[in-house]
Amino acid sequence: MMHLKNKIAVVGVGTTAYGTFPEIDDYGLAARAFRNAVDDCGLDKGRIDGLLCCRVPFYARMGEILGLDPRWTIQLPPHGRMAGMAVVEAMIALETGAADYVALLYANIGRSRRVNYGGEEVAGVWDPWGFTSPGAAHAMMFRMHMERYGTTTRQLGEVSVAFRRHAGLHPDAVMKTPITLDDHAAARPIVEPLRLLDYCLINDGAVCLILTTAERARDLRKPPVLISGVGARDAFRRSAIPNFDPDFWYAETREAGEAAYRMAGVGPADVDALMCYDNFSPTVLFSLEGLGFCGRGEAGAFVEGGRLQIDGDLPTNTDGGHLSNSYMQGWALNVEAVRQLRGECGARQVANCEVVQYVAVTPCTRSIIYTRG
Amino acid sequence: MLTYNKPLPPDDPLFAPFWANARSRRLSIQCCRACGDRRFPPGPVCPRCLSEDQDWDTVSGRGTLVSWVRFHRAYWAGFVQEIPYDCCLVQLEEGPLLVSNFAGPPPAPLRSGLPLRVVFEDITDRYTLPKFVAA
(Lines give C-alpha, C1' and ligand atoms only; values in the text may rest on other atoms or scores of the structure.)
Protein backbone atom coordinates (compact mmCIF):
# COMPACT_ATOMS: atom_id res chain seq x y z
CA MET A 1 0.00 0.00 0.00
CA MET A 2 3.05 2.30 0.37
CA HIS A 3 2.61 3.74 -3.11
CA LEU A 4 -0.89 4.92 -2.21
CA LYS A 5 0.44 7.53 0.22
CA ASN A 6 -1.55 10.74 -0.29
CA LYS A 7 -3.12 9.39 -3.47
CA ILE A 8 -6.65 8.93 -2.13
CA ALA A 9 -8.72 11.62 -0.44
CA VAL A 10 -11.87 11.90 1.62
CA VAL A 11 -13.85 14.63 -0.08
CA GLY A 12 -17.27 14.42 1.51
CA VAL A 13 -18.59 13.42 4.90
CA GLY A 14 -22.18 13.23 6.11
CA THR A 15 -23.80 12.20 9.35
CA THR A 16 -27.35 12.14 10.67
CA ALA A 17 -28.63 13.12 14.08
CA TYR A 18 -27.90 10.44 16.68
CA GLY A 19 -30.55 9.03 18.99
CA THR A 20 -33.69 6.87 18.84
CA PHE A 21 -35.60 7.09 15.57
CA PRO A 22 -38.23 4.33 15.35
CA GLU A 23 -40.04 6.25 12.58
CA ILE A 24 -37.23 5.82 10.05
CA ASP A 25 -35.41 2.69 8.92
CA ASP A 26 -31.73 2.12 8.18
CA TYR A 27 -32.14 2.93 4.49
CA GLY A 28 -33.77 6.25 5.35
CA LEU A 29 -30.98 7.16 7.76
CA ALA A 30 -28.31 6.11 5.26
CA ALA A 31 -29.99 8.23 2.57
CA ARG A 32 -29.83 11.27 4.86
CA ALA A 33 -26.13 10.71 5.57
CA PHE A 34 -25.51 10.23 1.83
CA ARG A 35 -27.31 13.46 0.92
CA ASN A 36 -25.31 15.33 3.56
CA ALA A 37 -22.04 13.91 2.24
CA VAL A 38 -22.94 14.79 -1.37
CA ASP A 39 -23.81 18.34 -0.29
CA ASP A 40 -20.57 18.49 1.71
CA CYS A 41 -18.39 17.90 -1.36
CA GLY A 42 -20.63 19.37 -4.06
CA LEU A 43 -20.29 16.31 -6.26
CA ASP A 44 -22.96 15.46 -8.84
CA LYS A 45 -24.26 12.21 -7.38
CA GLY A 46 -24.47 10.69 -10.86
CA ARG A 47 -20.67 10.52 -10.86
CA ILE A 48 -20.59 8.14 -7.89
CA ASP A 49 -19.73 4.77 -9.38
CA GLY A 50 -18.64 2.88 -6.26
CA LEU A 51 -20.91 1.81 -3.40
CA LEU A 52 -19.93 0.12 -0.16
CA CYS A 53 -22.66 -0.74 2.36
CA CYS A 54 -22.08 -1.78 5.95
CA ARG A 55 -24.94 -2.65 8.31
CA VAL A 56 -27.28 -1.33 5.61
CA PRO A 57 -29.23 -4.55 4.94
CA PHE A 58 -29.09 -4.83 1.15
CA TYR A 59 -26.84 -2.94 -1.27
CA ALA A 60 -29.24 -3.23 -4.23
CA ARG A 61 -32.14 -1.66 -2.32
CA MET A 62 -29.75 1.06 -1.15
CA GLY A 63 -28.66 1.74 -4.73
CA GLU A 64 -32.29 1.81 -5.87
CA ILE A 65 -33.16 4.33 -3.14
CA LEU A 66 -30.22 6.58 -3.99
CA GLY A 67 -30.58 6.22 -7.77
CA LEU A 68 -27.13 4.68 -8.28
CA ASP A 69 -25.89 2.10 -10.79
CA PRO A 70 -22.27 1.67 -9.67
CA ARG A 71 -19.42 -0.18 -11.37
CA TRP A 72 -18.14 -1.41 -8.00
CA THR A 73 -20.31 -2.61 -5.11
CA ILE A 74 -19.39 -4.27 -1.82
CA GLN A 75 -21.49 -5.36 1.15
CA LEU A 76 -19.71 -5.75 4.47
CA PRO A 77 -21.19 -7.57 7.47
CA PRO A 78 -22.66 -5.49 10.32
CA HIS A 79 -19.63 -5.91 12.56
CA GLY A 80 -18.03 -3.11 14.50
CA ARG A 81 -14.60 -3.57 13.06
CA MET A 82 -15.48 -2.82 9.43
CA ALA A 83 -14.96 0.96 9.11
CA GLY A 84 -11.20 0.90 8.62
CA MET A 85 -11.45 -2.18 6.42
CA ALA A 86 -13.97 -0.36 4.23
CA VAL A 87 -11.69 2.64 3.73
CA VAL A 88 -8.84 0.36 2.66
CA GLU A 89 -11.11 -1.48 0.18
CA ALA A 90 -12.24 1.83 -1.28
CA MET A 91 -8.62 3.00 -1.67
CA ILE A 92 -7.83 -0.10 -3.71
CA ALA A 93 -10.92 0.31 -5.89
CA LEU A 94 -10.02 3.94 -6.61
CA GLU A 95 -6.37 3.22 -7.28
CA THR A 96 -7.15 0.45 -9.74
CA GLY A 97 -9.83 2.49 -11.48
CA ALA A 98 -12.56 0.04 -10.53
CA ALA A 99 -14.39 3.17 -9.43
CA ASP A 100 -13.74 6.92 -9.62
CA TYR A 101 -15.92 8.14 -6.75
CA VAL A 102 -16.86 5.77 -3.92
CA ALA A 103 -19.60 6.29 -1.35
CA LEU A 104 -19.20 4.32 1.89
CA LEU A 105 -22.48 3.97 3.76
CA TYR A 106 -23.12 2.80 7.30
CA ALA A 107 -26.44 2.81 9.15
CA ASN A 108 -27.41 1.52 12.58
CA ILE A 109 -30.93 1.23 14.01
CA GLY A 110 -29.86 -0.83 17.00
CA ARG A 111 -31.47 1.48 19.55
CA SER A 112 -35.01 1.70 18.20
CA ARG A 113 -34.98 -2.01 17.28
CA ARG A 114 -33.66 -2.94 20.74
CA VAL A 115 -30.60 -4.86 19.60
CA ASN A 116 -28.95 -6.68 22.48
CA TYR A 117 -25.35 -7.79 22.58
CA GLY A 118 -24.96 -11.04 24.48
CA GLY A 119 -27.31 -13.98 24.99
CA GLU A 120 -27.87 -14.44 21.25
CA GLU A 121 -30.41 -17.02 20.15
CA VAL A 122 -27.81 -18.98 18.20
CA ALA A 123 -25.91 -20.74 20.96
CA GLY A 124 -22.22 -19.93 21.36
CA VAL A 125 -19.46 -22.23 22.59
CA TRP A 126 -19.25 -20.59 26.02
CA ASP A 127 -22.96 -20.00 26.64
CA PRO A 128 -23.43 -23.04 28.93
CA TRP A 129 -21.09 -21.37 31.45
CA GLY A 130 -23.01 -18.11 31.17
CA PHE A 131 -20.22 -16.34 29.32
CA THR A 132 -21.51 -14.02 26.61
CA SER A 133 -21.31 -10.47 25.22
CA PRO A 134 -18.43 -8.40 23.84
CA GLY A 135 -18.41 -6.44 27.11
CA ALA A 136 -17.64 -9.57 29.12
CA ALA A 137 -14.74 -10.37 26.77
CA HIS A 138 -13.31 -6.90 27.37
CA ALA A 139 -13.86 -7.24 31.12
CA MET A 140 -11.89 -10.49 30.97
CA MET A 141 -9.04 -8.73 29.14
CA PHE A 142 -9.04 -5.73 31.45
CA ARG A 143 -8.79 -8.00 34.50
CA MET A 144 -5.69 -9.51 32.90
CA HIS A 145 -4.27 -6.02 32.36
CA MET A 146 -4.93 -5.20 36.03
CA GLU A 147 -3.22 -8.40 37.15
CA ARG A 148 -0.22 -8.02 34.84
CA TYR A 149 0.45 -4.32 35.18
CA GLY A 150 -1.44 -3.03 38.21
CA THR A 151 -3.79 -0.95 36.09
CA THR A 152 -6.81 0.32 38.04
CA THR A 153 -10.48 0.88 37.22
CA ARG A 154 -9.99 4.50 38.28
CA GLN A 155 -7.42 4.91 35.50
CA LEU A 156 -9.99 3.40 33.15
CA GLY A 157 -12.38 6.09 34.35
CA GLU A 158 -10.07 8.73 32.85
CA VAL A 159 -11.06 7.47 29.40
CA SER A 160 -14.80 7.74 30.06
CA VAL A 161 -14.45 11.16 31.69
CA ALA A 162 -12.38 12.55 28.80
CA PHE A 163 -14.77 11.36 26.10
CA ARG A 164 -17.82 12.60 28.00
CA ARG A 165 -16.21 16.03 28.25
CA HIS A 166 -15.71 16.03 24.48
CA ALA A 167 -19.33 14.98 23.91
CA GLY A 168 -20.34 18.05 25.89
CA LEU A 169 -18.57 20.17 23.26
CA HIS A 170 -20.21 18.30 20.35
CA PRO A 171 -23.74 19.41 19.43
CA ASP A 172 -24.68 16.02 17.88
CA ALA A 173 -23.53 13.82 20.78
CA VAL A 174 -26.05 11.60 22.59
CA MET A 175 -24.59 11.74 26.14
CA LYS A 176 -23.50 15.23 27.18
CA THR A 177 -23.95 15.36 30.97
CA PRO A 178 -20.45 15.73 32.47
CA ILE A 179 -19.18 12.88 34.63
CA THR A 180 -16.37 12.58 37.18
CA LEU A 181 -14.04 9.76 38.13
CA ASP A 182 -16.28 9.20 41.15
CA ASP A 183 -19.34 8.88 38.90
CA HIS A 184 -17.45 6.26 36.91
CA ALA A 185 -16.57 4.34 40.06
CA ALA A 186 -20.16 4.50 41.33
CA ALA A 187 -21.80 3.42 38.06
CA ARG A 188 -23.76 0.17 37.99
CA PRO A 189 -21.49 -2.84 37.42
CA ILE A 190 -22.38 -4.79 34.26
CA VAL A 191 -19.64 -7.40 33.99
CA GLU A 192 -16.98 -6.54 36.56
CA PRO A 193 -14.43 -5.12 36.44
CA LEU A 194 -16.42 -3.04 33.89
CA ARG A 195 -19.25 -0.71 34.76
CA LEU A 196 -21.92 1.06 32.76
CA LEU A 197 -19.68 4.02 31.85
CA ASP A 198 -17.08 1.67 30.35
CA TYR A 199 -19.64 0.51 27.77
CA CYS A 200 -20.44 2.13 24.44
CA LEU A 201 -23.86 3.55 23.72
CA ILE A 202 -26.44 1.90 21.52
CA ASN A 203 -28.17 4.46 19.30
CA ASP A 204 -29.52 4.98 15.80
CA GLY A 205 -27.77 7.00 13.12
CA ALA A 206 -25.89 6.81 9.85
CA VAL A 207 -22.61 7.93 8.34
CA CYS A 208 -21.41 8.45 4.78
CA LEU A 209 -17.90 9.09 3.47
CA ILE A 210 -17.14 9.91 -0.16
CA LEU A 211 -13.66 9.11 -1.41
CA THR A 212 -11.89 9.77 -4.69
CA THR A 213 -8.36 10.19 -5.96
CA ALA A 214 -6.36 13.19 -4.72
CA GLU A 215 -6.27 14.47 -8.29
CA ARG A 216 -10.04 14.47 -8.75
CA ALA A 217 -10.46 15.82 -5.22
CA ARG A 218 -9.05 19.21 -6.29
CA ASP A 219 -12.20 20.02 -8.26
CA LEU A 220 -14.53 19.58 -5.32
CA ARG A 221 -15.95 21.99 -2.78
CA LYS A 222 -13.70 21.54 0.23
CA PRO A 223 -9.97 21.01 0.73
CA PRO A 224 -9.39 17.27 0.54
CA VAL A 225 -8.24 15.24 3.49
CA LEU A 226 -5.57 12.81 2.36
CA ILE A 227 -5.11 9.20 3.41
CA SER A 228 -1.39 9.18 4.14
CA GLY A 229 -0.98 5.82 5.80
CA VAL A 230 -2.82 2.58 6.46
CA GLY A 231 -1.93 -0.58 8.32
CA ALA A 232 -3.68 -3.87 8.96
CA ARG A 233 -3.39 -7.21 10.69
CA ASP A 234 -6.08 -9.73 11.57
CA ALA A 235 -5.90 -12.22 14.45
CA PHE A 236 -8.15 -15.17 13.72
CA ARG A 237 -6.03 -18.00 15.06
CA ARG A 238 -6.64 -16.88 18.63
CA SER A 239 -10.29 -15.92 18.15
CA ALA A 240 -11.93 -18.89 19.92
CA ILE A 241 -13.42 -16.53 22.49
CA PRO A 242 -15.30 -13.86 20.52
CA ASN A 243 -13.99 -10.30 20.90
CA PHE A 244 -11.17 -11.52 23.14
CA ASP A 245 -7.44 -11.81 22.72
CA PRO A 246 -5.12 -13.05 25.48
CA ASP A 247 -2.50 -10.49 24.44
CA PHE A 248 -4.87 -7.56 23.78
CA TRP A 249 -3.97 -7.70 20.04
CA TYR A 250 -0.67 -6.07 20.98
CA ALA A 251 1.46 -7.51 18.15
CA GLU A 252 -1.25 -6.84 15.58
CA THR A 253 -1.69 -3.26 16.76
CA ARG A 254 2.06 -2.66 16.66
CA GLU A 255 2.23 -4.04 13.15
CA ALA A 256 -0.78 -2.10 11.84
CA GLY A 257 0.44 1.08 13.54
CA GLU A 258 4.00 0.79 12.30
CA ALA A 259 2.81 0.14 8.75
CA ALA A 260 0.60 3.23 8.87
CA TYR A 261 3.37 5.39 10.38
CA ARG A 262 5.96 4.18 7.88
CA MET A 263 3.68 4.82 4.93
CA ALA A 264 2.73 8.29 6.18
CA GLY A 265 6.26 9.16 7.29
CA VAL A 266 5.12 10.19 10.77
CA GLY A 267 5.29 8.75 14.27
CA PRO A 268 3.14 8.85 17.39
CA ALA A 269 4.71 12.17 18.41
CA ASP A 270 3.35 13.79 15.23
CA VAL A 271 -0.26 12.77 15.88
CA ASP A 272 -2.36 15.83 16.75
CA ALA A 273 -5.52 13.86 17.55
CA LEU A 274 -6.30 10.17 17.93
CA MET A 275 -9.62 8.60 16.93
CA CYS A 276 -9.66 5.36 18.85
CA TYR A 277 -12.28 2.62 18.52
CA ASP A 278 -13.86 2.58 21.98
CA ASN A 279 -16.41 -0.20 22.07
CA PHE A 280 -15.34 -0.48 25.70
CA SER A 281 -12.95 1.77 27.59
CA PRO A 282 -10.15 -0.86 27.95
CA THR A 283 -9.74 -0.93 24.16
CA VAL A 284 -8.36 2.61 24.39
CA LEU A 285 -5.61 1.48 26.77
CA PHE A 286 -4.74 -1.46 24.52
CA SER A 287 -4.59 0.91 21.53
CA LEU A 288 -2.26 3.41 23.22
CA GLU A 289 0.20 0.66 24.13
CA GLY A 290 0.06 -1.10 20.79
CA LEU A 291 0.63 2.09 18.83
CA GLY A 292 3.54 3.08 21.06
CA PHE A 293 2.09 6.23 22.61
CA CYS A 294 3.33 4.71 25.87
CA GLY A 295 5.20 1.62 26.92
CA ARG A 296 3.63 -1.80 27.40
CA GLY A 297 1.55 -1.87 30.56
CA GLU A 298 1.83 1.90 31.02
CA ALA A 299 -1.45 3.05 29.50
CA GLY A 300 -3.19 3.32 32.87
CA ALA A 301 -0.68 5.89 34.12
CA PHE A 302 -0.53 7.50 30.67
CA VAL A 303 -4.21 8.49 30.61
CA GLU A 304 -4.18 10.01 34.10
CA GLY A 305 -4.52 13.75 34.55
CA GLY A 306 -6.71 14.27 31.50
CA ARG A 307 -4.08 13.46 28.91
CA LEU A 308 -6.72 12.33 26.40
CA GLN A 309 -8.78 15.49 26.84
CA ILE A 310 -9.04 18.22 24.24
CA ASP A 311 -6.41 20.34 26.02
CA GLY A 312 -4.22 17.36 26.95
CA ASP A 313 -1.14 15.99 25.18
CA LEU A 314 -3.13 13.56 23.04
CA PRO A 315 -6.70 14.70 22.32
CA THR A 316 -8.58 11.46 21.71
CA ASN A 317 -12.10 10.87 20.40
CA THR A 318 -12.84 14.57 20.28
CA ASP A 319 -16.44 13.85 19.20
CA GLY A 320 -17.11 11.85 22.38
CA GLY A 321 -16.43 8.44 20.81
CA HIS A 322 -18.67 5.40 21.12
CA LEU A 323 -18.81 5.91 24.86
CA SER A 324 -20.56 9.29 24.70
CA ASN A 325 -21.12 10.54 21.14
CA SER A 326 -22.62 7.77 19.06
CA TYR A 327 -22.34 4.06 18.40
CA MET A 328 -21.39 4.39 14.76
CA GLN A 329 -18.83 1.58 15.07
CA GLY A 330 -15.75 3.51 13.99
CA TRP A 331 -17.45 5.30 11.10
CA ALA A 332 -18.16 8.54 12.99
CA LEU A 333 -14.57 8.57 14.25
CA ASN A 334 -13.33 8.65 10.67
CA VAL A 335 -15.69 11.55 9.97
CA GLU A 336 -14.38 13.34 13.06
CA ALA A 337 -10.82 12.89 11.78
CA VAL A 338 -11.83 14.65 8.55
CA ARG A 339 -13.67 17.45 10.33
CA GLN A 340 -10.73 18.06 12.68
CA LEU A 341 -8.32 18.33 9.75
CA ARG A 342 -10.69 20.74 7.98
CA GLY A 343 -10.97 22.86 11.13
CA GLU A 344 -14.76 22.39 11.33
CA CYS A 345 -15.01 21.29 14.95
CA GLY A 346 -15.90 24.53 16.74
CA ALA A 347 -15.56 24.27 20.53
CA ARG A 348 -13.83 20.90 20.27
CA GLN A 349 -11.38 21.91 17.53
CA VAL A 350 -7.80 20.80 18.12
CA ALA A 351 -5.52 23.76 17.37
CA ASN A 352 -3.18 23.41 14.35
CA CYS A 353 -4.51 19.95 13.59
CA GLU A 354 -2.48 18.41 10.77
CA VAL A 355 -2.21 14.68 11.48
CA VAL A 356 -5.07 12.54 12.79
CA GLN A 357 -4.84 8.80 13.37
CA TYR A 358 -7.73 6.33 13.43
CA VAL A 359 -7.26 2.94 15.06
CA ALA A 360 -9.58 0.01 15.74
CA VAL A 361 -8.01 -2.67 17.91
CA THR A 362 -10.13 -5.77 17.25
CA PRO A 363 -9.67 -9.19 15.66
CA CYS A 364 -9.30 -7.11 12.46
CA THR A 365 -7.00 -4.32 13.59
CA ARG A 366 -6.77 -1.34 11.26
CA SER A 367 -5.12 2.06 11.51
CA ILE A 368 -5.42 5.01 9.14
CA ILE A 369 -3.45 8.24 9.18
CA TYR A 370 -5.21 11.24 7.71
CA THR A 371 -3.48 14.53 6.89
CA ARG A 372 -4.48 17.90 5.50
CA GLY A 373 -4.36 18.07 1.74
CA MET B 1 -32.94 -31.37 36.30
CA LEU B 2 -35.97 -31.31 34.05
CA THR B 3 -36.38 -27.62 34.72
CA TYR B 4 -32.86 -26.67 33.68
CA ASN B 5 -33.32 -23.40 31.81
CA LYS B 6 -29.79 -22.16 31.20
CA PRO B 7 -28.28 -22.38 27.73
CA LEU B 8 -27.29 -25.87 26.66
CA PRO B 9 -24.32 -26.67 24.45
CA PRO B 10 -24.96 -26.04 20.76
CA ASP B 11 -26.03 -29.20 19.00
CA ASP B 12 -22.87 -29.40 16.89
CA PRO B 13 -21.43 -32.80 15.91
CA LEU B 14 -17.91 -31.36 16.12
CA PHE B 15 -18.36 -30.92 19.88
CA ALA B 16 -20.16 -34.20 20.56
CA PRO B 17 -17.03 -36.07 21.77
CA PHE B 18 -16.20 -33.22 24.18
CA TRP B 19 -19.63 -33.51 25.84
CA ALA B 20 -19.63 -37.31 25.80
CA ASN B 21 -16.24 -37.30 27.50
CA ALA B 22 -17.37 -34.73 30.06
CA ARG B 23 -20.33 -37.00 30.85
CA SER B 24 -17.71 -39.66 31.70
CA ARG B 25 -15.74 -37.22 33.88
CA ARG B 26 -13.03 -36.68 31.30
CA LEU B 27 -11.89 -33.28 30.09
CA SER B 28 -10.76 -33.49 26.48
CA ILE B 29 -9.37 -31.36 23.68
CA GLN B 30 -9.24 -32.00 19.96
CA CYS B 31 -5.96 -33.34 18.62
CA CYS B 32 -4.59 -33.89 15.13
CA ARG B 33 -3.53 -37.47 14.38
CA ALA B 34 -1.37 -36.23 11.50
CA CYS B 35 0.76 -33.57 13.20
CA GLY B 36 -0.09 -33.63 16.91
CA ASP B 37 -1.58 -30.11 17.09
CA ARG B 38 -4.04 -29.74 20.00
CA ARG B 39 -6.78 -27.18 20.48
CA PHE B 40 -10.16 -26.24 21.86
CA PRO B 41 -12.69 -25.38 20.45
CA PRO B 42 -12.51 -28.04 17.72
CA GLY B 43 -12.51 -27.56 13.96
CA PRO B 44 -13.22 -29.74 10.92
CA VAL B 45 -9.55 -29.71 9.89
CA CYS B 46 -6.27 -29.10 11.69
CA PRO B 47 -5.44 -25.35 11.49
CA ARG B 48 -1.74 -26.28 11.23
CA CYS B 49 -1.62 -29.07 8.61
CA LEU B 50 -5.25 -29.09 7.32
CA SER B 51 -5.63 -32.82 7.94
CA GLU B 52 -9.16 -34.09 8.55
CA ASP B 53 -7.81 -36.86 10.79
CA GLN B 54 -8.93 -35.32 14.08
CA ASP B 55 -9.46 -37.06 17.41
CA TRP B 56 -9.82 -36.20 21.10
CA ASP B 57 -7.24 -36.47 23.89
CA THR B 58 -8.17 -36.63 27.54
CA VAL B 59 -6.18 -33.97 29.38
CA SER B 60 -5.01 -33.73 32.99
CA GLY B 61 -7.74 -31.33 34.12
CA ARG B 62 -5.07 -29.17 35.71
CA GLY B 63 -4.63 -25.54 34.75
CA THR B 64 -4.07 -22.04 36.01
CA LEU B 65 -6.40 -19.11 36.46
CA VAL B 66 -5.78 -16.44 33.80
CA SER B 67 -8.68 -14.09 34.43
CA TRP B 68 -12.18 -13.83 35.86
CA VAL B 69 -15.24 -11.61 35.61
CA ARG B 70 -18.44 -11.17 37.61
CA PHE B 71 -21.73 -10.90 35.71
CA HIS B 72 -24.23 -8.51 37.26
CA ARG B 73 -26.51 -8.75 34.26
CA ALA B 74 -28.42 -11.87 33.26
CA TYR B 75 -28.38 -12.33 29.50
CA TRP B 76 -30.67 -15.40 29.78
CA ALA B 77 -33.70 -15.92 32.02
CA GLY B 78 -31.97 -18.98 33.48
CA PHE B 79 -29.27 -16.80 35.01
CA VAL B 80 -31.56 -14.27 36.71
CA GLN B 81 -31.42 -16.16 40.00
CA GLU B 82 -27.64 -16.56 39.69
CA ILE B 83 -26.47 -12.96 39.41
CA PRO B 84 -23.98 -11.94 40.40
CA TYR B 85 -22.10 -14.97 39.09
CA ASP B 86 -18.50 -15.52 38.04
CA CYS B 87 -16.84 -16.81 34.89
CA CYS B 88 -13.19 -17.76 34.88
CA LEU B 89 -10.62 -18.14 32.14
CA VAL B 90 -8.42 -21.17 32.64
CA GLN B 91 -5.24 -22.07 30.79
CA LEU B 92 -4.98 -25.84 30.68
CA GLU B 93 -1.61 -27.42 31.39
CA GLU B 94 -1.79 -28.65 27.78
CA GLY B 95 -2.16 -25.11 26.41
CA PRO B 96 -5.74 -24.29 25.35
CA LEU B 97 -7.81 -21.64 27.10
CA LEU B 98 -11.22 -22.55 28.50
CA VAL B 99 -13.96 -20.29 29.77
CA SER B 100 -15.67 -21.92 32.71
CA ASN B 101 -17.07 -21.31 36.19
CA PHE B 102 -15.80 -21.94 39.67
CA ALA B 103 -17.60 -24.85 41.28
CA GLY B 104 -18.90 -23.40 44.51
CA PRO B 105 -17.61 -20.09 45.88
CA PRO B 106 -14.60 -18.62 44.06
CA PRO B 107 -11.20 -19.35 45.60
CA ALA B 108 -10.00 -16.50 47.81
CA PRO B 109 -8.04 -14.46 47.18
CA LEU B 110 -8.38 -14.59 43.43
CA ARG B 111 -5.16 -13.96 41.56
CA SER B 112 -3.88 -14.87 38.13
CA GLY B 113 -1.70 -17.96 38.13
CA LEU B 114 -3.76 -19.71 40.80
CA PRO B 115 -3.57 -23.50 40.25
CA LEU B 116 -6.97 -25.01 39.43
CA ARG B 117 -8.35 -28.46 38.75
CA VAL B 118 -11.44 -29.57 36.91
CA VAL B 119 -14.57 -30.97 38.55
CA PHE B 120 -17.74 -32.07 36.78
CA GLU B 121 -21.29 -30.93 37.33
CA ASP B 122 -24.22 -32.79 35.76
CA ILE B 123 -26.69 -30.21 34.51
CA THR B 124 -29.17 -32.40 32.61
CA ASP B 125 -29.49 -36.11 31.97
CA ARG B 126 -27.36 -35.58 28.88
CA TYR B 127 -24.90 -32.81 29.68
CA THR B 128 -22.13 -32.36 32.23
CA LEU B 129 -20.28 -29.08 32.63
CA PRO B 130 -16.58 -29.03 33.46
CA LYS B 131 -15.97 -26.43 36.17
CA PHE B 132 -12.93 -25.55 38.28
CA VAL B 133 -11.81 -25.42 41.91
CA ALA B 134 -8.51 -24.45 43.54
CA ALA B 135 -6.02 -27.30 43.10
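If the condition is being open to solvent by less than 60 Å² (accessible area, probe 1.4 Å), within 14 Å of chain A (Cβ to nearest Cβ) and in contact with a Pro (Cβ under 8 Å, 6 or more places away or on another chain), then region B:15-38 contributes B:Phe15, B:Phe18, B:Trp19, B:Ala22, B:Leu27, B:Ile29, B:Gln30, B:Asp37. Within region A:46-60, is even one residue open to solvent by 50 Å² or more (accessible area, probe 1.4 Å) and under 21 Å from A:Ser326 (Cα atoms)? Scanning region A:46-60, I find at least one residue that is open to solvent by 50 Å² or more (accessible area, probe 1.4 Å) and under 21 Å from A:Ser326 (Cα atoms), so the answer is yes.
Every condition in (1) within 11 Å of chain A (Cβ to nearest Cβ); (2) of a type outside the set (S, T, N, Q); (3) touching a Gly at 6+ places or on another chain (Cβ under 6 Å); (4) part of a strand (DSSP E or B) holds for B:Leu116 except the one numbered (1).
Considering each of A:Thr253, A:Thr316 in turn, give the residue that is closer than 26 Å to A:His3 by Cβ, among the hydroxyl-bearing types (Ser, Thr, Tyr), in contact (Cβ under 8 Å) with a residue 12 or more places away in the chain and open to solvent by less than 10 Å² (accessible area, probe 1.4 Å). The unique qualifying residue is A:Thr253. Exactly one residue out of A:Leu226, A:Leu285 is at pLDDT 95 or above and in contact with a strand residue (DSSP E or B) (Cβ under 8 Å, 6 or more places away or on another chain): that is A:Leu226. Name the residues in region B:125-135 that are within 14 Å of chain A (Cβ to nearest Cβ) and in contact with a Leu (Cβ under 7 Å, 6 or more places away or on another chain), would you? Within region B:125-135, B:Tyr127, B:Pro130, B:Phe132 meet the criteria.
Conditions tested, residue by residue: (1) among the small types (Gly, Ala, Ser); (2) in a loop (DSSP other than H, G, I, E, B).
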| residue | (1), (2) |
| --- | --- |
| A:Ala30 | yes, no |
| A:Ala33 | yes, no |
| A:Leu52 | no, no |
| A:Ile65 | no, no |
| A:Glu95 | no, no |
| A:Gly110 | yes, yes |
| A:Asn116 | no, yes |
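Beta carbons closer than 9 Å, at least 6 apart along the sequence or on distinct chains, pair a first residue in region A:58-69 that is over 12 Å from A:Asp26 (Cβ atoms) with a second that is loosely packed, with under 14 Cβ neighbours inside 10 Å and not polar (S, T, N, Q) for A:Gly63/A:Asp69; A:Gly67/A:Gly46; A:Leu68/A:Gly46. Is there a residue being away from chain B (no Cβ under 14 Å), open to solvent by less than 10 Å² (accessible area, probe 1.4 Å) and part of a loop (DSSP other than H, G, I, E, B) anywhere in region A:178-190? So far as region A:178-190 goes, no, none of its residues is away from chain B (no Cβ under 14 Å), open to solvent by less than 10 Å² (accessible area, probe 1.4 Å) and part of a loop (DSSP other than H, G, I, E, B).
Restricting attention to region A:203-216, the residues being surrounded by 19 or more Cβ atoms within 10 Å (Cβ to Cβ) and either within 14 Å of chain B (Cβ to nearest Cβ) or among the charged types (D, E, K, R) (or both) number 1.
The requirement of being touching a Phe, Trp or Tyr at 6+ places or on another chain (Cβ under 8 Å) and either within 14 Å of another protein chain (Cβ to nearest Cβ) or part of a loop (DSSP other than H, G, I, E, B) (or both) is satisfied by B:Pro41.
The values are calculated or read from the model by the stated rules, or taken from the named source; none is laboratory data. Given the structure is predicted, the values throughout are model-derived calculations rather than measurements. Here Cβ is always computed from backbone atoms with ideal geometry, including for glycine, and neighbour counts include all displayed protein chains. Accessible surface areas use protein heavy atoms only, side chains included; no ligands, DNA or RNA. Shrake-Rupley method; radii C 1.70, N 1.55, O 1.52, S 1.80 Å.
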